[in-house]
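The values are calculated or read from the model by the stated rules, or taken from the named source; none is laboratory data. Since we're looking at a predicted model, the values are computed, not measured. Counting neighbours? That spans all protein chains shown, and the Cβs are built from the backbone with ideal geometry, glycine included.
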Amino acid sequence: MTTKVKVVLTVFSTVAVLSLLVWQRKLFPRPIERLLDKLRLWWLGVARKIGHIQTAIILTIFYFTGIAATALISRCMRHDFLRLKGETAWHPRKKKKDTLETLMRQF
């Protein structure tokens, strides 16, 4: 068994045992229940920090694999998705004489 597997099994079994203890904490005497509550609050803080780090890592991976790759491919193919160069989507308005009917129906 490799060291990585041993570490993973140790962490997993520790978390499982602590989860069972916290789940069954009402069966314990008051001092142990308070200790388990402190342990639970500590674990929630650690889990929140792990979640923030994990979110940053996942979003970074998504950015560099999805968005940056698309930008590089489109730049290499010289594709302009926003049509910033060349013709615009604006069309000149034909001048009409303003009458009462056209002023009432502006759309």
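Filtering the range 58-85 to residues that are hydrophobic (A, V, I, L, M, F, W, C) and surrounded by 10 or more Cβ atoms within 10 Å (Cβ to Cβ) leaves Ile58, Leu59, Ile61, Phe62, Phe64, Ile67, Ala68, Ala69, Ala71, Leu72, Ile73.
List the residue pairs whose Cβ atoms are under 9 Å apart, where the first residue sits in the range 57-86 and is hydroxyl-bearing (Ser, Thr, Tyr), the second is modelled with pLDDT under 85 and surrounded by 10 or more Cβ atoms within 10 Å (Cβ to Cβ), and the two are 6 or more positions apart or on different chains. Between residues of the range 57-86 that are hydroxyl-bearing (Ser, Thr, Tyr) and residues that are modelled with pLDDT under 85 and surrounded by 10 or more Cβ atoms within 10 Å (Cβ to Cβ), the close pairs are Ser74/Asp80.
With the requirement that a residue be more than 32 Å from the chain's Cα centre (by Cα) and in a helix (DSSP H, G or I), what does the range 4-46 give you?
Step one: list which residues in the range 4-46 are more than 32 Å from the chain's Cα centre (by Cα), which gives 24-35.
Once the filter is applied, which keeps residues that are more than 32 Å from the chain's Cα centre (by Cα) and in a helix (DSSP H, G or I), the range 4-46 yields Arg25, Lys26, Leu27, Arg30, Pro31, Ile32, Glu33, Arg34, Leu35.
Only residues that are of a type in the set (A, V, I, L, M, F, W, C) and loosely packed, with under 11 Cβ neighbours inside 10 Å were counted across the range 30-46, and they come to 4.
No other residue among Thr99, Thr88 is surrounded by fewer than 10 Cβ atoms within 10 Å (Cβ to Cβ), among the hydroxyl-bearing types (Ser, Thr, Tyr), farther than 30 Å from Val11 by Cβ and modelled with pLDDT under 80 apart from Thr88. On the given criteria, is Gly51 at pLDDT 80 or above, under 30 Å from Val17 (Cα atoms), surrounded by 10 or more Cβ atoms within 10 Å (Cβ to Cβ) and not hydrophobic (A, V, I, L, M, F, W, C)? Yes.
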